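I have placed the structure first, in the form of structure tokens, so that the comments after it can refer back to it.
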There are 2 protein chains.
Amino acid sequence: MKYAIGVDFGTESGRALLVEVDSGREVATAVYLYSNGVIDEKLPESGTPLEPDWALQDPEDYIRVFQNAVPQVLELSGVVAADVIGVSIDFTACTMLPVKADGTPLCTLPEWRTNPHTWVKLWKHHAAQPEADRINDNARLMHQAWLGRYGGKISSEWFFSKVLQILNDAPEVYAAADRMIEAADWVVWQLTGVETRNACTAGYKAIWSKREGFPPKEYFASLHPQLANVIEEKMTTDVRPVGQKAGGLCDRAAAWTGLKPGTAVAIANVDAHVAVPAATVTEPGRMVMIMGTSICHMVLGTEEHLIPGMCGYVEDGIIPGYFGYEAGQSCVGDHFGWFVENCVPAEYEREANQRGIDIHTLLEDKAAQLKPGESGLLALDWWNGNRSILVDVDLTGLLLGTTLATKPEEVYRALIEATAFGTRVIVESFQQNGVPIYELVACGGLPEKNRLLMQIYADVTGCPIKVSTSKQTPALGSAMFGAVAAGKAAGGYDSIYDAAQKMARLKDEVFLPNPAHKVVYDQLYGEYIRLHDYFGRGANDVMKRLKRIKAEART
Amino acid sequence: MKYAIGVDFGTESGRALLVEVDSGREVATAVYLYSNGVIDEKLPESGTPLEPDWALQDPEDYIRVFQNAVPQVLELSGVVAADVIGVSIDFTACTMLPVKADGTPLCTLPEWRTNPHTWVKLWKHHAAQPEADRINDNARLMHQAWLGRYGGKISSEWFFSKVLQILNDAPEVYAAADRMIEAADWVVWQLTGVETRNACTAGYKAIWSKREGFPPKEYFASLHPQLANVIEEKMTTDVRPVGQKAGGLCDRAAAWTGLKPGTAVAIANVDAHVAVPAATVTEPGRMVMIMGTSICHMVLGTEEHLIPGMCGYVEDGIIPGYFGYEAGQSCVGDHFGWFVENCVPAEYEREANQRGIDIHTLLEDKAAQLKPGESGLLALDWWNGNRSILVDVDLTGLLLGTTLATKPEEVYRALIEATAFGTRVIVESFQQNGVPIYELVACGGLPEKNRLLMQIYADVTGCPIKVSTSKQTPALGSAMFGAVAAGKAAGGYDSIYDAAQKMARLKDEVFLPNPAHKVVYDQLYGEYIRLHDYFGRGANDVMKRLKRIKAEART
């Protein structure tokens, strides 16, 4: 029997999954919680304080995932290293860092350790909005056609926003860096000793396309004179499609992991995108939702369409032969986590303790007893800005309809509904612009945890929702790509289609829309859209003005 | 030494206060918590369920206040009954009930006890909105000039809205009632054995004016044929100015209270209005705010002005010789109570316990460390509808600007600020319509409890705020009117001016506006007004539509 290992780098932890190549059976899994987690208040060791909206990580935490989680799955499974034919990783994106020519992260060098700009900028680092604004403004002024591929807006979360922030705020860091690189590619570099650049992050996060490459020099020069040659000076131009082999495991990485040197390592991939084939989707019409702290929505299309406010589309970006369309919601699981931490009274904690359940379960239980519309509440799910389709991190949350009789479970349900309305906006935006969707396939942590949420999503969107069998779809997807990197001759597969046929599956249960609930939710959705457009499209920019007043108050 | 007793009937309890007539010194106080409290879920004994928005009380609870709290203040003070020269009461309004010709409340009769319409309808009974709508619609159609006196809108809380609801929903109760009467007047009737009707509730709540009396028969007939003769059939037309003596204490009431039969009893008054002279205000320019579960705002004017959205103005309604203008906010202390009960995490409860303080104090402490604007939050204080200046109980609350970093104390402060903005709307509405205001005088429970709130009100309105020395201004005001009812010859006073000179005083400390805070709050107030007008004046009636959907979901 042959095995592949997928390693999924999330926001708080890295997970290794050892999978049987023939059947997709998940044999063993292990998680390493990053010791420095999300760094958003002060740097480790030096305690250098960070500004609001910053979110960093420690690249050494990623290495520790290999040192801890991979040996653990080998031990747990009893599988010998010789039977592991391939390894692949997936990552959050755009999560990037400046490194030296040999791959050494600047932040690991003593002279750079106290400069926040040398650390990994996590996907949810939101401090590069001025840079994103400039990127967008200049792109419009210079009629850059690529802007349309990204729904007309580049996010502050993306690669060049973050690079430009480094150049603007810490030119010495920019100068000292030989490479600006996605953490995903950096990790594969550490595994193989070979620098590669994957097409998925390049396409979705760094304005690259198979047909046109990167934006032209004069555009980069317009952002900052020193940025003109960023591609040649700071990045490799050898962009490689997903599904390829990056190289063999180097000796150092073999020692970390306990795997054999030379084991096939795949080109890096993105957590969301790698989950698509792992959720059985290798054809158009079925949208995959990776539901965790945020949601990534992915759907395949046969034609090229410009869709306002999406995150982007990349030819061959998810599955070879299709345009891979991506959209996103930036606050879903995080939303409920925030609510539980900040808004649930002690009385509820006591009730949960008495009943021996956790607080999320208690809230779900109470919220499930409410009917759609019964709370009179409506929320805009913008606690972490809006990714699709407004692409605006300066939008903030709204809760409307509260009375003195409003209960916590009503607010909780309204927040779930708001995220469901946010998903419906995305689904309709695809449908109205020529990318059909008739079914949703969910994976990630949330579908396992919250049945009420799944039913509400079905009721709100009117689409049936199926759920991936795997509780760790990205890691499974990575293992599938590891098997493809190894190839059929070594006991793996020659294509991701073949791997999906054998290794991916869905649960039998389907969440079907309740027609009576749908009628009420259609009304509420109408109200949501009206507020969405009023606050999100410039009629009343109060959220942005409050953010400005807030920033002034804090200085 | 002579004494007067004021009895203040609040929402949850009745309070007796025994006061030295010469000095205003408060000698003893006692509170009786209504045994049936606010009845808003089901009737006592029978358990008959109530619809949403209902709020009832038990009239026997009022009698128990006399039986418990008055004997207690006599005992506590050691004052003998012979030295108590006058008693006066004040009440929430409009709080009304149907009674028989001898004053027996219908709800105390076995055959009527299970019918919710026979019980006292408390001021915050909000189920008569359809009736209020009809009252307003017909008044506009029939060009009723009195509508202007009430800011163009009669509230669902007021007398004829509640009477019409009884007639519509329970015509048998209407038919069986010999009197529809304010609880304030009913209580004085119980004390004296004489039915009187006070000008304050008649003027502010029952569309009566000194110059024009009640609306005409044909107007009442337009609301309901059987209502045409409501004045003659169901009410006494002998409307008496405040400050007069209603009668002497009857034997039965003397037995309840331990006071002497024949002790002077004043005409009934309203809790808010009676507090004005107790807060030293007997002249124009200084607005009194009675700050508790809600806020009543009162200001005196020398001229008659029509002001949109106010609660009303009554000539001689507060202080003889002036027009007494009244406005109101329906959700202030209730707002913070709701927040503490529903939105404060267990961790905060633990911190408060460790520090040995209550949760309100902990929140105030944390919120006081924030600067204006620093939270990025803005709220509309409509958790209980909007009284002034929109007069619309179907409006609901809104919180905007939330992020994943939003903390409970930030929301708490935003709710305080929202109520302060609501007060500023009222102050500016008076000022812009010819009723000058240059100082605020606060009384009620909140100013004692929350210094941060007082400072925010000063910063937001730009007015200095003084605070009444008395912790129970309405009860003190009632005692003052008790002393006036007794008259100078009996050791009291001949006018409320004289009583205010001797018996009322303010604290030395003044809350002065912080000019730097005012600048920020001016910006936030601009945003508040924009949302206030958008959601409150018909541009987007989403709050009403959600209420309709909610009502449908519950049936």
Self-check item: Subset of the stretch B:313-345 [surrounded by 17 or more Cβ atoms within 10 Å (Cβ to Cβ), within 14 Å of chain A (Cβ to nearest Cβ) and either acidic (Asp, Glu) or not in a loop (DSSP other than H, G, I, E, B) (or both)]
Solution: B:Gln329, B:Gly333, B:Asp334, B:His335, B:Phe336, B:Trp338, B:Phe339, B:Val340, B:Asn342, B:Pro345
Quiz item: Which condition number in (1) in contact with a Lys or Arg (Cβ under 8 Å, 6 or more places away or on another chain); (2) in contact (Cβ under 8 Å) with a residue 60 or more places away in the chain; (3) among the polar types (S, T, N, Q) is the one that B:Thr469 fails?
Solution: (2)
Quiz item: Restricting attention to the stretch A:243-289, and to residues there that are in contact with an Asp or Glu (Cβ under 7 Å, 6 or more places away or on another chain) and open to solvent by 10 Å² or more (accessible area, probe 1.4 Å), which single residue is farthest from A:Ala16 (Cα to Cα)?
Solution: A:Arg286
Practice problem: Find all pairs meeting these conditions: Cβ atoms under 7 angstrom apart; at least six residues apart or on different chains; first residue within the stretch B:480-497 and open to solvent by 30 Å² or more (accessible area, probe 1.4 Å); second residue among the hydroxyl-bearing types (Ser, Thr, Tyr). | Solution: B:Tyr497/B:Thr282
Self-check item: Unmet criterion (only one of (1) open to solvent by 20 Å² or more (accessible area, probe 1.4 Å); (2) in contact (Cβ under 8 Å) with a residue 24 or more places away in the chain) for A:Asp522
Solution: (2)
Quiz item: If we keep just the residues of the stretch A:406-441 that are among the charged types (D, E, K, R) and within 14 Å of chain B (Cβ to nearest Cβ), which is farthest from A:Gly285 (Cα to Cα)?
Solution: A:Lys407
Self-check item: All positions within the stretch B:530-550 that are assigned to a loop (DSSP other than H, G, I, E, B) and more than 7 Å from chain A (Cβ to nearest Cβ)
Solution: B:Arg537, B:Gly538, B:Ala539, B:Asp541
Self-check item: Members of the stretch B:358-376 found to be under 22 Å from B:Tyr521 (Cβ atoms) and not basic (Lys, Arg), listed by number
Solution: B:Leu363, B:Glu364, B:Asp365, B:Ala367, B:Ala368, B:Gln369, B:Leu370, B:Pro372, B:Gly373, B:Glu374, B:Ser375, B:Gly376
Exercise. Go through the residues of the stretch A:229-251 one by one and say whether even a single one is free of Cβ contacts under 8 Å to residues at least 40 places away in the same chain and under 25 Å from A:Gln472 (Cβ atoms).
Key: no
Exercise. May I ask you to list the residues in the stretch B:406-416 that are open to solvent by less than 10 Å² (accessible area, probe 1.4 Å), closer than 29 Å to B:Lys544 by Cβ and not aliphatic (A, V, I, L, M)?
Key: B:Thr406, B:Tyr412
Practice problem: From the list B:Val188, B:Val194, pick out the single residue that is open to solvent by less than 20 Å² (accessible area, probe 1.4 Å) and hydrophobic (A, V, I, L, M, F, W, C). | Solution: B:Val188
Exercise. May I ask you to list the residues in the stretch B:142-160 that are within 17 Å of the chain's Cα centre (by Cα) and within 15 Å of B:Glu304 (Cβ to Cβ)?
Key: B:Tyr150
Quiz item: In the stretch A:120-142, which residue that is within 30 Å of A:Trp383 (Cα to Cα) and assigned to a loop (DSSP other than H, G, I, E, B) is most open to solvent (accessible area, probe 1.4 Å)?
Solution: A:Lys124
Practice problem: Return yes when B:Ala268 is at pLDDT 95 or above and within 24 Å of B:Met480 (Cα to Cα) and no when it is not. | Solution: yes
Quiz item: How many residues, within the stretch A:426-446, are open to solvent by less than 10 Å² (accessible area, probe 1.4 Å) and either part of a helix (DSSP H, G or I) or among the basic types (Lys, Arg) (or both)?
Solution: 3
Quiz prompt | Residues satisfying the stated conditions in the stretch A:492-518, i.e. part of a helix (DSSP H, G or I) and not hydroxyl-bearing (Ser, Thr, Tyr) | solution = A:Ile496, A:Asp498, A:Ala499, A:Ala500, A:Gln501, A:Lys502, A:Met503, A:Pro515, A:Ala516, A:His517, A:Lys518
Quiz item: Considering the stretch B:351-405 alone, what residues qualify as being of a type in the set (Asp, Glu), buried (at least 19 other Cβ atoms within 10 Å of the Cβ), part of a helix (DSSP H, G or I) and within 13 Å of chain A (Cβ to nearest Cβ)?
Solution: none
Quiz item: Can you find a residue in the stretch B:516-523 that is at pLDDT 95 or above, within 24 Å of B:Ile426 (Cβ to Cβ) and acidic (Asp, Glu)?
Solution: yes
Exercise. Please work out which one of (1) open to solvent by less than 50 Å² (accessible area, probe 1.4 Å); (2) touching an Asp or Glu at 6+ places or on another chain (Cβ under 6 Å); (3) in contact (Cβ under 8 Å) with a residue 60 or more places away in the chain; (4) over 23 Å from B:Asp459 (Cβ atoms) is the condition B:Ala500 fails and give its number.
Key: (2)
Quiz item: Has the stretch B:211-221 got at least one residue that is among the basic types (Lys, Arg) and open to solvent by 10 Å² or more (accessible area, probe 1.4 Å)?
Solution: yes
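The values are calculated or read from the model by the stated rules, or taken from the named source; none is laboratory data. Computed from a predicted structure; not experimentally measured. Please note: Cβ atoms are built from the backbone with ideal geometry, for glycine as well, and neighbour counts cover all protein chains shown. Remember, those area values only see protein heavy atoms, side chains included, never the ligands or the DNA or RNA. Shrake-Rupley method; radii C 1.70, N 1.55, O 1.52, S 1.80 Å.
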